[in-house]
Structure formats: structure tokens, C-alpha cells
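I have placed the structure first, in the form of C-alpha cells, so that the comments after it can refer back to it.
The values are calculated or read from the model by the stated rules, or taken from the named source; none is laboratory data. Here the structure is a predicted model, which is why all the values come from computation and not from measurement. When we count neighbours, we look across all protein chains shown, and the Cβ atoms used for this are built from the backbone with ideal geometry, even at glycine.
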Amino acid sequence: MKKNITINMFGVLYAIDDDACQLLEQYIDNMHRYFDKREGGAEIADDIEHRVAELLSELKDQGVEAVSIEHVQQIIKRIGNPEQMDETADDAETASHDGEASESQTQSGDDGTSAGQEKGGMGARKLYRDPQDKMLGGVMSGLCRYFGCDDPLPWRILMVLLALVSFSTIGIIYLVAWALIPAANTPEDRLRMQGKPVNAQSISEEVMREANRAANYVQSPEFRSAARSFWGTLLTIFVFCVKLFVLLIIGTLIASVLACAVFLAIAYGESSHIGNAMNDSLGWLIAHDAMIGVLGWLGVISSLVFLGTLFYLLVRSLFKSSSTRPLSAATRWALALVCLVTLISSIAFGSLFAYKVKWVKETNPNIYNLSTIPRSVNLLARDGWKLNTAVNINAGDRCVSTTDDFGSSVELPYYKFEKEIDTKPMSLDMERSETLPAGRYHIEAITAADGPGINLFYTERGRRIVTPVLPRLSSGFGNMSTMPYDSVAKLGLFTDSITPLQWHTMQADDAGEWSLQRTPSFDHVGGKLTYGFAGTLPVGADKIKVLRIRVVPEAYGAK
């Protein structure tokens, strides 16, 4: 059912549909607006209006009771180019003599339309916002038209990507552009936006296109969905927010994959000059087995294609408009196949990459050799230590840390050696030397070892005398968990004024994991004395920590 009204044209009444009346009014108004700027143009506009009335009268004589929008479209087509209406009043000779001059004057008339505008180049276009193809203000669709593109979707995708990396900057620029760039509200503006010539014929065609677009929109699902209930609208907003949230997640994942690509490229650079040095870097792994790098790149590329396809489809779904062309069935199937193949490829290459890295690590335990890490070597050398053996030790972790187990005012430093691969043993051999006078000594150490296998040693006549390091009990505590307060106070470990009651509380906490031990007393003839730790920590034990190791003269140590 359509709304029908009655109009009066030159004293004659005509019944006409409401949408047909709007199209007719728009056509006549545009013709008056165009011709009124030209000399004698008002007469031409009146002639057009009389011609319209004549054609409406013909329809009435044919028995048409109500003029529809299809009738108005036929009338506009029958009128043709209104600029030629004044030429029909001249005789044939005058028309033939003045035809070229008239055409030239038409192209460079008072509306300022030049020959360059007739060609429709980018220089002839004017920048407008496109209100008929907008998601927010029509800025991106207007830029798309200005640069001669048909589909604004890539422009919107680019804007979203820039918004993700620039935070509020792109949003501010968009709002400024929204405020400064005028909207193409009239057919003349739309023609100038597209770089098309502005004349009566093109205006008529633009009016017809807008009428057809409006009619198609009324029949589209988007128009019908606009009349949904309140809850339906809330559901639409919720779905949009969910899609936007997923879009941000996918954007973050894309940024993460790009970061992985950068790290992989850096690792390739390291692999070219890393030589035979062994450590836990990706560059060394690639140098050891080039397939790791190949699998890494294949995984990165597959992930980027998969995430990029999802990103494109989601942006297209979020920012589609009435002018967005639907994807063909072949395109949809192709994109679905690309997503499926790249998803499977990403999982497969990622799994193979992880398996290959694990295999190289397990078959090359010397990868985790602390002595190849300059930072760790420097930290140990600072205290005079020489690292002879370090196998399956987490080289990426600092070998020196601090603890507040014996007071919070000052943290005590300690050495920490932790496994990289739990299913393999860890080997450690470290020593240092001191020059001491002749006398009787013993080696004292405070340690926390997860298991047996590491020995405390000193060298006598070229032979190592070893004392096993005490492992922690099954409860996780060492012998200091039962050591009296007075004995601990003599060690000089407390960094605060600790009372016996406080020490009792600390013993039940982290301080209780440490063990105090010493080697048997020995006589030193004077000169250099070498001592340290050596041994292998078995499977099932993860680390050993050394809080203190020192040579104690018998005069100052317990016998």
C-alpha cells in the first residue's frame, strides 16, 4: 500500500504516489537550480516544467488514475537532455552554423564545468563526504571517490589498521576531516565528487540513480531490520561489539605474528656468524638445523594469511554498506578454502617447529652451556670463579640472584644453577683459588640442593678431596631448619636485629631450606689453595643454590 496525494500543475490536478511526487519535485528543483544560473535559463526550466505537465496530461488521458514512480522515471527519460530544448526553436541553418559554438559554450558555461571536468580526471573531482555510503561520517568513502576508486572497504580496513597502531591520533584526524569536509547532499555535489560533468543531462541521470537506490534500499533487509524491536536493536549492538572485540584480538595476534617474524629475521642474522658457540638462542638452533628456520617462516606466513583473511572478512562484515557488493559464491568458497588450508598449515608448521626445537635441545645437551654466555661468565669471574663444566644449565637465567631469607633490610647474593631440560642430568664444575699462609683450614658452604650428586672439594697435591653437598630433605628443608639461634648468629648472616623467636619463625619459612656444611679439616702448606663445586645433578633434581662458600681458618671456624 502506497500513500497517494494530489498535485496541481498549471491548473490541472493529478493523482500521484508519494515517492513519485518526491522524485518529480527533486527533478524539477534540480533543473531550476541548474538553469537559473544561466542567462535565459529560467525560461528553459519553465519549459521543462510545462513539458512535464504535458506528459502527465497524456498519462491522464490514457486512463492512468495515479502516477507512479515508474511513470515519472519514463517522463524524465522522454524529456532527454533539457539543454537541447532551446535549440529546437531555431531553424536548421542556424543550428548547423552555431552548433559547435553552442556546444563549446555549454561545456564552459556559468557553472564553471570545464573540458577537464568532462573527462572526469582526478583533478576535476572535488572532495566531499559521501553520506550515501557511510559508516560514520562518509569520510573514507569520500576519499575513495576522490581518488577514483569504487570500493571504500580497503580504505576502511587501512583506517582500522592505522587506528590500532596510532591509538587516538587517527580518530582525531578523522573527526577533524568530518567537520571540515562538506557532505555531497545534492546531485551536483555528487557529480563533482565523482569528477563527472555537471549539466542538465547528468543531473537527470543522477536523480534517477538516487531514486532507484532509494527504492532498492526500501526493499532491502537493512531497511526492514531498521524497524526491529528494542531488543533486536540491542542484540545488533551486542553483536557489533563482539565483532569489534574479536577484530581487536585478531589485530593483536597479527601484531604478535609480525613480531615473531622480526625475531626470526634477527635469529637468521645471528645464525650466520654464531660459529660453534653453544647457547640457547634461536640463532644457534637455526645454525645447527636450518629446517627450524624454514618451519618458522612457513608457520609465520601461514598464520599471517589466515589471520589476514579473517581480519578482511570481519572488517567487511562490520563496515559494509548498501553499496558494498556481496561476495560471489566462488569467492566465498575460495576464502573458506584459504582459511582452512592456512589454519591447518599454521598448526602443522608450529607443531613441527616446536618438535624440531625440542629434538635439537635433547640431542645436544651442550647447547645449555653457561660458560658460553658472557653475562654469566662475567658475574662468576667477578668473584674469582672459573667455570670448567656447565651442561644443561639454563643459560638464559642469571646465575646470581638475591634473597631476603635472613632479613629484609639487605638482601644477600647467592649463586643459582637451574636445569633447562628436566629429563636430563645437569653437570657443573666451578673452582677458584686463594693464596693463603700455611695453616689448618676447612671449607665451609651454605647450599640448597634439590638432590645428591654435587660435591664440595679442595685440591691437595693435585688431587681433589670431595665432600658431598647435603641435599634437602623430602620436606624441602635443610639442616638450618633445626639449627639453634646462637649458631646461626655466629655465621654473620642476619641483616637485621633478629630475635630467637623471629629466627624460629624464619626457620619454618624460606630460611629453613638452606644447609650448612664443611669439609674435614686439612693442613695447607702455604700458597695457592683451589676449591669449589663439581658433580652431576641427576634427573628428578632441578637446581642447586650456593649462598656462601669460604675457606675458614681453624682458629675462626668450628672444628
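A few remarks follow.
- Matching strands (runs of 3 or more DSSP E) fully within the range 435-492 where at least 3 residues are within 55 Å of the chain's Cα centre (by Cα): 439-449, 454-460
- Of all residues in the range 306-337 being assigned to a helix (DSSP H, G or I) and either in the same structural domain as ILE157 (by the TED database) or modelled with pLDDT under 75 (or both), the one that is surrounded by the fewest Cβ atoms within 10 Å (Cβ to Cβ): SER317
- Conditions (1) under 20 Å from ALA354 (Cβ atoms); (2) at pLDDT 85 or above; (3) aliphatic (A, V, I, L, M); (4) surrounded by fewer than 19 Cβ atoms within 10 Å (Cβ to Cβ); number of the one not met by ALA255: (1)
- Qualifying residues in the range 515-537 (those that are part of a loop (DSSP other than H, G, I, E, B) and within 23 Å of ASN479 (Cα to Cα)) - the one farthest from the chain's Cα centre (by Cα): SER521
- Wholly within the range 109-202, helices (runs of 4 or more DSSP H) carrying at least 1 residues that are surrounded by fewer than 16 Cβ atoms within 10 Å (Cβ to Cβ) and at pLDDT 75 or above: 153-166, 168-180
Condition check ((1) small (Gly, Ala, Ser); (2) under 17 Å from SER409 (Cβ atoms)) across all residues:
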site: SER475; (1), (2): yes, no
site: SER481; (1), (2): yes, no
site: PRO484; (1), (2): no, no
site: GLY492; (1), (2): yes, yes
site: THR495; (1), (2): no, yes
site: THR499; (1), (2): no, yes
site: ALA508; (1), (2): yes, no
site: GLU513; (1), (2): no, no
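- Matching residues, the range 227-247, being at pLDDT 70 or above and loosely packed, with under 12 Cβ neighbours inside 10 Å: CYS241, VAL242, PHE245
- The condition of being assigned by the TED database to the domain that holds ILE75, closer than 17 Å to ILE76 by Cα, more than 53 Å from the chain's Cα centre (by Cα) and among the acidic types (Asp, Glu) holds for only one of ASP47, ASP29, ASP19, that being ASP47.
- Per the conditions (1) within 15 Å of ILE446 (Cα to Cα); (2) buried (at least 19 other Cβ atoms within 10 Å of the Cβ); (3) of a type outside the set (Lys, Arg), the sole criterion not satisfied by GLY535 is (1).
- Residue check for LEU529: surrounded by 11 or more Cβ atoms within 10 Å (Cβ to Cβ), closer than 13 Å to ALA449 by Cα and touching a residue at least 60 places away in the same chain (Cβ under 8 Å): no
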